[in-house]
Amino acid sequence: MHAPTKHRFNVNEYYRMGETGVLPPDARVELLDGEIIDMSPIGPFHSGVTKYLIKVFSNAAKERWVLAVADPVRLDDYSEPQPDIMLVKLNSDFYRNKHPEPSDVYLLIEVADSSLERDLLEKLPKYARAGIPEVWIINLNDETIEIYRQPNFTAYGSKAVLSAGDFAKPEAFPDVSIDVKDLLKR
């Protein structure tokens, strides 16, 4: 007797489902390891923290990166998550012809409350395996920023946890500073 196996969708099949209406246009989903995952609803605190980050990173960009908000990143043929924010390399066509890939990403940020477990246990290892150099998990539950650097095949080699009184600075752009207290105040 054969054990049942799951069908893994690749990115092309995933897009075809959207084009043909299998996935509704307003579906909040992402593709992880060939599985279509429903994304959690976004509450006001999550949304406000994201908007704060958008403001800071937009003001600091100075033509050094493109700010991607809730855009896909193509990790491989079976995973295309949609992180809350990414700082990606400048691209002459602004990624009109392809989504950013790991080599395009300076910093990837997930803002997490109800999605915290999935972000830490499922997405973070995928980001490390893909070689995303720096990931911030904005942990709304604990009001901290978890900074992950030094990706390897299974995890990140470096983790720092910042809280009120600390300042987060992207490794690629250390002149940009996020005040954790201001970011996470309610």
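The values are calculated or read from the model by the stated rules, or taken from the named source; none is laboratory data. Quick caveat, the model's predicted, so the values are computed rather than measured. Positions of Cβ are backbone-derived with ideal geometry, glycine not excepted, and every protein chain shown enters the neighbour counts. Just the protein is used for accessible areas: all its heavy atoms, side chains included, with ligands, DNA and RNA removed. Shrake-Rupley method; radii C 1.70, N 1.55, O 1.52, S 1.80 Å.
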ask   = If you go through the stretch 144-166 one residue at a time, do you hit one that is at pLDDT below 95, among the hydroxyl-bearing types (S, T, Y) and out of contact with any Pro (no Cβ under 6 Å at 6 or more places or on another chain)?
value = yes
Matching option when the condition is without any contact (Cβ under 8 Å) to a residue 60 or more places away in the chain and of a type in the set (D, E), among D104, D175, D182, D113 = D104
query = Of everything in the stretch 144-153 that's of a type in the set (A, V, I, L, M, F, W, C) and surrounded by 15 or more Cβ atoms within 10 Å (Cβ to Cβ), which residue is nearest to V111 (Cα to Cα)?
reply = I145
request  = Have a look at Y156, Y127 and point out the one that is open to solvent by less than 10 Å² (accessible area, probe 1.4 Å), of a type in the set (S, T, Y) and under 24 Å from E80 (Cα atoms).
outcome  = Y127
note = Just one listed residue, out of D166, D104, D84, is touching a Ser or Thr at 6+ places or on another chain (Cβ under 6 Å) and charged (D, E, K, R), and it is D84
Candidate set: the stretch 24-50, residues that are among the hydrophobic types (A, V, I, L, M, F, W, C) and within 19 Å of Y78 (Cβ to Cβ); chosen: the one farthest from the chain's Cα centre (by Cα) = A27
ask   = Across the stretch 72-110, what is the number of residues that are open to solvent by 70 Å² or more (accessible area, probe 1.4 Å), among the hydrophobic types (A, V, I, L, M, F, W, C) and closer than 20 Å to E35 by Cβ?
value = 0
message = I'd like to check something: does the stretch 104-116 contain any residue that is more than 12 Å from the chain's Cα centre (by Cα), in a strand (DSSP E or B) and of a type in the set (D, E, K, R)?
response = no
